[in-house]
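The structure under discussion appears below in the form of structure tokens.
The values are calculated or read from the model by the stated rules, or taken from the named source; none is laboratory data. Quick caveat, the model's predicted, so the values are computed rather than measured. Positions of Cβ are generated from backbone atoms using ideal geometry, with glycine treated the same way; all protein chains shown enter the neighbour counts.
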Amino acid sequence: MSAVRVTTVLAAAAVLAAAGFAWRANEKSSAATSAQLARGAAVYAAACASCHGTNLEGQPHWRSPGPDGRLPAPPHDETGHTWHHSDQLLLDIMTRGTAAVIGGSYASNMPGFGDPYSEADLRAVLEWLKSRWPERERSYQREANGGDS
């Protein structure tokens, strides 16, 4: 075999090996993403759906205070405003509760879930929510994160 042919065969083998490695790495990250989305859906169903709705629809009249003076739970779909906020702010609200994040005399029925759930669980919920948004809302929210996420 000539030196050129050996070099070509070795180069082709290297490219195929790199492609196989990249495919396996992508397969693993896809599996992790699938697992994270499944965890997010499960945590959302257990902790969030009772107020924010099984279809992310929120409570009726969510923009107007109820009899208790507090705003009803907003939708987390594209009709709401969740996608207007950064991951950092959303995770802070999920962890500590709305009133603790906003401060002052703001009252909210949204508790913090940082005690019963881990940061990974709450991040999984957020990733699951984002996976349900149309591209326009996901794009806007990426910008709220400074182009990340």
Out of all the residues in region 95-106, is one or more crowded, with 18+ Cβ neighbours inside 10 Å, without any contact (Cβ under 8 Å) to a residue 12 or more places away in the chain and in contact with a Phe, Trp or Tyr (Cβ under 8 Å, 6 or more places away or on another chain)? yes
If you go through region 74-85 one residue at a time, do you hit one that is under 12 Å from the mean Cα position of the chain (by Cα), modelled with pLDDT of 95 or more and outside any loop (DSSP other than H, G, I, E, B)? yes
Is there a residue being surrounded by fewer than 16 Cβ atoms within 10 Å (Cβ to Cβ) and in a loop (DSSP other than H, G, I, E, B) anywhere in region 121-134? yes
Which numbered condition in (1) without any contact (Cβ under 8 Å) to a residue 60 or more places away in the chain; (2) out of contact with any Ser or Thr (no Cβ under 8 Å at 6 or more places or on another chain); (3) assigned to a loop (DSSP other than H, G, I, E, B) is the only one that ARG70 fails? (2)
What's the number of the only condition in (1) under 19 Å from ARG142 (Cβ atoms); (2) in a helix (DSSP H, G or I); (3) at pLDDT 95 or above that ALA99 fails to meet? (1)
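Here's the yes/no breakdown for (1) closer than 13 Å to LEU126 by Cα; (2) assigned to a helix (DSSP H, G or I); (3) modelled with pLDDT of 95 or more; (4) in contact with a helix residue (DSSP H, G or I) (Cβ under 8 Å, 6 or more places away or on another chain):
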residue: ASN26; (1), (2), (3), (4): no, yes, no, no
residue: ALA32; (1), (2), (3), (4): no, yes, no, no
residue: VAL43; (1), (2), (3), (4): yes, yes, yes, yes
residue: MET94; (1), (2), (3), (4): yes, yes, yes, yes
residue: GLY104; (1), (2), (3), (4): no, no, no, no
Checked against (1) in a helix (DSSP H, G or I); (2) out of contact with any helix residue (DSSP H, G or I) (no Cβ under 9 Å at 6 or more places or on another chain); (3) of a type outside the set (Gly, Ala, Ser), ARG63 satisfies every condition except (1)
